[in-house]
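To start, the structure under review is shown below, and the notes come after it.
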Amino acid sequence: MDVATALYLLINKVDKKGTVSFDKVNKQLELDWDESNTRKMKENAKYFVRKMNQANGGTRSHLLFKNGFGANICYHPLGGCVLGESTNAYGKLKAHENLYVLDESLIPGTIGVNPFITIVAIADYCMENLIKQNEFA
């Protein structure tokens, strides 16, 4: 790799969220997600990379993901079973007994940083409540 090549990992907001639904007739999940969901995100990322390279020299890496900017890039997907909406305040799915969500899908969307610690904190919070409520006894 040329030392003048920069490999940037960016945290960016996806303006158009995707959806997942269940087709009861065909009994299959349907995903609504395509290039349009990440168009603004890619524009923002390209702008940032261009500005960084103009200020510091070099070029961006072309090693990953459709020359660096693909609609299939999402290192930390969030949302889907949002805490307090799809679940109660502790990750228990509404209208389902003994079914809990304790992962990144509880977070409604981009939080602006790597969500690892936030995911761990939310899962710990939910598990502590389950233990206190003796849900597993």
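The values are calculated or read from the model by the stated rules, or taken from the named source; none is laboratory data. Worth saying up front: this structure is predicted, and the values here are computed from it rather than measured. Counting neighbours? That spans all protein chains shown, and the Cβs are built from the backbone with ideal geometry, glycine included.
Here are the numbers for this structure:
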{"read-out": "Residue in the range 99-121 that is outside any helix (DSSP H, G or I), over 20 Å from the mean Cα position of the chain (by Cα) and surrounded by fewer than 16 Cβ atoms within 10 Å (Cβ to Cβ) present", "value": "yes"}
{"read-out": "Residues located in the range 85-98, provided they are out of contact with any Cys (no Cβ under 8 Å at 6 or more places or on another chain) and surrounded by 12 or more Cβ atoms within 10 Å (Cβ to Cβ)", "value": "S86, N88, K92"}
{"read-out": "Count of the range 4-32 residues which are aromatic (F, W, Y) and at pLDDT below 80", "value": "1"}
